[in-house]
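Since the structure comes first, as C-alpha cells, the remarks are kept for the end.
Rule-based calculations on the coordinates, nothing more; no lab input. If you're wondering where the values come from, they're calculated on a predicted model, not measured in any experiment. Cβ coordinates were reconstructed from backbone atoms using ideal geometry, including for glycine residues, and neighbour counts include every protein chain displayed.
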Amino acid sequence: MDHLRELFRYHEWATIQLIDYCRLQAENLLSEHVIGTDRSILHTLTHLVGTEQWYLELLSGEPAADSIQRGEALALPDLRQRFARLSERWGALLERIDHIDLTLPATEWRPAIAHGQNVLVLQAIQHGIDHRAQICTTLQVLGAEPPIIDGWFYWSAAHQPDR
C-alpha cells in the first residue's frame, strides 16, 4: 500500500463528502460561524480549496487555472469541481514527489525550510483535517448533524463498499 496516496485519497473523499453534505443544507446555515472559528462554513471550505491551490502552485511551479482569492467565498458546486481538479493534480504530483526538492524561503514567522515539499504535503493533509473538523463542529453547534468523515468511514467506503 502506498500510504501517502492513501492519505490523499482520504483527504479527497472527506472533503468531497463534506462539500456534498453542505450542498444539501440551507444557504443561511453556510454563512454562519460560531465562537472559536474565524470564518463561516462557506468561507472555510473556500479557504481550504484555495490553500490547496497555493500548496500545489508552490510544489509544481504551475499556477491554478482559476485561482481563489483570499477572503472569497465560492458556490459549492464550483468548489467541488475545483477541488476535484486539485485532486487530479495532487495525484500527478505525487507520482513525481521524490524528484522535487524545494526550499521554501524564510518568512517573518519562520526560517527557510529545506526539502519544503515534505512540509507542504504534510500541511495539505493537516490543514484539510483541521478545517473539516471546524466545519463539523460549527454544524453541530448550529444544530445540524454533520457527516461522519473519519478514517473508519473512509476505509469502509473505499475498501469495503459492499458492507
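Backbone geometry of segment 37-53 corresponds, through the Karplus equation with coefficients 6.51, -1.76 and 1.60 at θ = phi - 60°, to 3J(HN,Hα) couplings of 10, 10, 8, 6, 4, 5, 5, 5, 4, 5, 4, 4, 5, x, 5, 4, 4 Hz, x marking Gly and Pro. Placing +1 on the Cβ of every Lys and Arg and -1 on the Cβ of every Asp and Glu, with no other charges, gives the chain a dipole of roughly 60 debye about its Cα centre. Add +1 for every Lys or Arg and -1 for every Asp or Glu among the other residues with Cβ under 15 Å from the Cβ of GLY71, and state the total. Around GLY71, the surrounding residues sum to 0. Taking each DSSP H run with n ≥ 4 as -39500 (n - 2.57) and averaging over every residue of the chain yields -20500 deg cm²/dmol at 222 nm.
Convex hull volume per residue, computed on the Cα atoms of segment 61-129, equals 124 Å³. For segment 25-153, the equivalent ellipsoid built from the Cα gyration tensor has semi-axes of 28, 16, 15 Å, listed from largest to smallest. Based on C-alpha pairs under 8 angstrom that are at least 6 apart in sequence, segment 3-159 has a relative contact order of 30 percent. Spatial offset of segment 122-163 relative to segment 5-78 amounts to 13 Å, using the alpha carbon center of each.
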